[in-house]
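To start, the structure under review is shown below, and the notes come after it.
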Amino acid sequence: MKLRIKRMLAALLALVFVLSLVACGNRNSGDGSPSPGTSATPGPSQTTGPAEVKPDVPANRYDATVTPRTGNNATMPLVIATNTLDGKFSPFFYTSAYDGDIVDLTQLYLMFPNKKGEMTAGVDVASYAFDYKVDVASDNSTSTYTFILKNGLTFSDGKPITVKDVLFSMYVLSDPMYDGSSTFYTMKIQGLSEYRLQTSADVLKMVDAIIEAGITNGDDGKMVINPANGVTMDKQEKFWSYLDEAGAKFAQEIIDYVNNNYKSYIEKYFAPYTPDQVAASPSMQAAFGMVMWGFGELDDSGKFIDSMGNTYDLSKDTVDANIYWKNILDAYGYDLSDTGINYEKAGDLTIQDYIRDIYIEKEGRVAGGVNSISGITYGKMVCDDGVEREYIKVVLDGVDPTAIFKFQVPVVPFHYYTEGYTGTLNEYGVDIGKKEFMDHLKTKNNKPMGAGPYVFEEYKDNVVTFTANDSFLLGSPKIKTVRYQEVTSGSELDAVLTGTVHYSNPSASMTIINNITAGTGDYAKVKYILVDNDGYGYIGIQGQAIPEFKVRQAIAHAINPQLAVDNYYQELATVNYRTMTKILWAYPDNPEPLYPYDGTGETSKKLFLEAGYKYDAAKNIMTYPDGHPKAGQQVTFKFTLPSEASEHPAGSIFLDTQEVLAKIGVKVNIETDTNLLSKLSTAYESGLEVWAAAWGGGGVDPDMFQIWYSDPAVNQGTSAARSGLYYLFQNGSDEEKAMLRELNELIMAGRQTLDMEERKTIYKRALELSTGLAVEVPTYQRKNMFVYNHEVIKTSSLQTGDDVTPFHSPLVYIWNVELN
């Protein structure tokens, strides 16, 4: 349901292709981080032996032990606002984004994202990887990632960083008992599933067969197990007997996701309860998760009513993941497809994944265990510069363009996190599958340690204090002390105005901008920085409800996206001309609108007439064509908003489109439906024709499959159904079918290569097709805001302008930030 939340075909290479090949060399993209390039493959040098080993750090790095800090940089703390912290400051186990900010300040990662979100490495980059390359087999059967590691780096306690620390991190994240939020273990690394589940390839093959056969709803509503090839029914029954246990875990993931990421929505959607009340009550957390995902609501008295009609007094009744799972099961039965139960998933794991894990843990473990991951190996190589460096090699089955983003692995100090553990550790620094080992790692949750720019000192009285790590690979941080100060949600701006903090990110508004621009009172010391939000607004034109291509095009030409900016967001948004968030690296440069706005209505009228519609100029009435069920009647469309036009970004667009189409005799009825968002998955069946909504963030990869792949035999998701793409794929005009076939080919091609330049070309054409279908007219890309005290923070030391993105905040290079 997810009621309130969410989000040119190039020939494939025939031979092994190598991405980002630099022979242990340094490359730079111009923004302080390397970009993909080509060169010789890292490998053994022809030199007679390794050269002298020196630290792989910038030659001109600042060293505060040689040139001490002066002025406020030495004596005054930089104070940054954060919301309520959970206190789980572990690179393995943090759950909230705010705790993650604390962790990040202390950590060095294997890879580092540039401002476009691309993973990078290099001497001048905050990464442990000196360089990396990817080899793809000629038949796309495997992808091999080789990460060459930097020499001479140390953790903040002075201990050296080695390949063992990377292996330690990877093995913790892959451990059978790991219960953190990382999805590293979802990659198809060879041998990883066997290791994490401590099972054999034969058991995995049997489980895959059971999952492929699946289950269905019986006529009596009970579960029916479909026979699986080569698997006895008793084993299948045993496997599916864990459905409810797995379902509770599936539901709990949604609850955790909502509570970790959407606390700011509590006051709007979960009143009268406050964030503090929800944080203190597991039942309220579960109910909040269900409300935000469309499985219940609060009545006027604050009682929770789930989607099955059960009422709970949250002050005394229990609401938990088991109750949530019953609601999910009631809604979908035993439909485990992407349009069924798995439509509700909050992370990467499906309900089948949860069942598999539980089944194998209880029924499928192998005697003696699996001690290593076959697809992860390591060693040393002499690079072309004559320097010997350690490397780590990871082999994945198939080609996965998203895998590189999951290699942003924290380089965690093995010696610190295992200190004091009395069990037996293997060569990778872990005690496989032992709960007591994971519990020991969690004893460090209150004090993270790593090789990041700052050293965690303490968390006391709602303040986290850090001191500079002068051994940080890119140089000693310019500011000696940094503090994170907890502030109440909604008070981020006031905290800067009153001097409680120096930097925060309030909810963006023109009121703030106007006050800062006026520069009176406390606002005189404040400046703001805007950044594109990860997501975009759009107007949907349902392809099955409005099947004529030229009619959808006619409506598109009558839509003026600029009005969402001029009349609603103003400086807080820009117009978007493609069906993708503008923050992604695959978004084309300065695209032109495919359906330019014509306020006269003449372009729209021409298209209606080409589609066979009839126009009576004397009466100014456009009528449906002969053969249409409504032949002879005035053409009428229903436009739907989730709130009143005056309160919605697309409100003025709808009112203007109504006027434009009225000029050519087309009637538009604008309706308000507060339940609009919950109806989008069944848009056609719900009677929707044209509506306004927004897509949430899609992460760092531009894959368009879920929303735009139109063959229902391959994609069963509801996102493509909402726009009518499945219908058009089967019933559209020859032109539409050809566009959809090409779009499908491009989407799959984008998944089968790791070459970013090739993918950019693919997605440029794919976006022309998706936007050209006129089932979705992109409108605006809104912005988020950062504010800071420019009397305290030196503006020139912050990232500003185009250098600020959802992947790079103004403080992304915090080690370079200075105080006045």
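The values are calculated or read from the model by the stated rules, or taken from the named source; none is laboratory data. Since the structure is predicted, the reported quantities are computational estimates derived from the model, not experimental observations. Virtual Cβ from ideal backbone geometry, glycine too; neighbours counted across all protein chains shown. Accessible surface is based on the protein model in full, side chains and every heavy atom, while ligands, DNA and RNA are left aside. Shrake-Rupley method; radii C 1.70, N 1.55, O 1.52, S 1.80 Å.
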*If you put +1 on each Lys and Arg Cβ and -1 on each Asp and Glu Cβ, how big is the dipole of the chain around its Cα centre, in Debye rounded to 20?*
900 debye
*Candidate lysines for bridging to Lys619, where Cα separation is under 22 Å - those fewer than 8 sequence places away on the same chain excluded*: Lys605, Lys606, Lys630, Lys638, Lys663, Lys667
*What accessible area per residue comes out for segment 81-206, rounded to a whole number of Å², with a 1.4 Å probe?*
28 Å²
*Using the per-residue mean of other Cβ atoms lying within 10 Å as a proxy for protection, in what order, highest first, do the peptides 468-476, 236-244 fall?*
468-476, 236-244
_Rel. contact order, % - alpha carbon contacts under 8 angstrom, at least six apart, segment 419-562_ = 9 percent
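In whole percent, what relative contact order does segment 123-186 give with Cα contacts below 8 Å and a gap of six or more residues? Intermediate results must be reported in sequence, preceding the final value.
Values: 49 pairs, mean separation 12.6, N = 64.
Result for segment 123-186 is 20 percent.
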*If you build the Cα gyration tensor of segment 163-265 and take the root of 5 times each eigenvalue, what three semi-axes come out, in whole angstrom, biggest first?*
30, 23, 9
*Net charge of neighbours whose Cβ lies under 13 Å from the Cβ of Asp470, counting Lys and Arg as +1 and Asp and Glu as -1*: +2
*Accessible area per residue of segment 714-768 at 1.4 Å probe, in Å²?*
40 Å²
*For the chain, with the dipole built from +1 on Lys and Arg beta-carbon atoms and -1 on Asp and Glu ones, taken about the Cα centre, which of Ala287, Leu441, Met622 lies farthest toward the positive end?*
Met622
*In whole Å, how far is the Cα centre of segment 143-209 from that of segment 587-619?*
55 Å
*Contact order normalised by residue count of segment 217-341, Cα under 8 Å, 6+ apart, percent*: 23 percent
*Which lysines does Lys794 reach when only Cα atoms under 18 Å apart count, and residues fewer than 8 places away in its own chain are ignored?*
Lys478, Lys480, Lys525, Lys527
*For segment 261-308, just run the numbers: alpha carbon Rg, then divide by 2.2 N^0.38 Å, N being how many residues it has.*
1.00
*Using Cα centres only, tell me the gap between segment 315-362 and segment 74-126 in whole Å.*
32 Å
*Counting only heavy atoms of the protein chains, get the accessible area per residue of segment 488-538 (1.4 Å probe) and round it to a whole Å² value.*
42 Å²
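Counting only DSSP beta bridges with both residues in the chain, tell me the antiparallel percent, nearest 5.
Of all bridge pairs located within the chain, approximately 80 percent are antiparallel.
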_Carbon and sulfur %, accessible surface of segment 557-643 computed with the full protein complex present, 1.4 Å_ = 49 percent
_I need the Kirkwood Rh of segment 575-639: take the reciprocal of the average 1/r across all distinct C-alpha pairs and report it in angstrom._
14.7 Å
_What is the percent carbon and sulfur in the accessible area of segment 703-792, measuring with a 1.4 Å probe over the protein chains and ignoring ligands?_
44 percent
*Which one is right for this structure if percent of Cα pairs over 33 Å apart is calculated from it: [x] 56; [y] 69; [z] 59?*
[z]
_Dipole axis of the chain (+1 Lys, Arg; -1 Asp, Glu on Cβ), positive-most option in Thr465, Gly230, Ile814_ = Ile814
_If DNA, RNA and ligands are ignored and the probe is 1.4 Å, what is the ranking of Asp626, Asp673, Asp86, Asp330 by accessible area, most exposed first?_
Asp626, Asp330, Asp86, Asp673
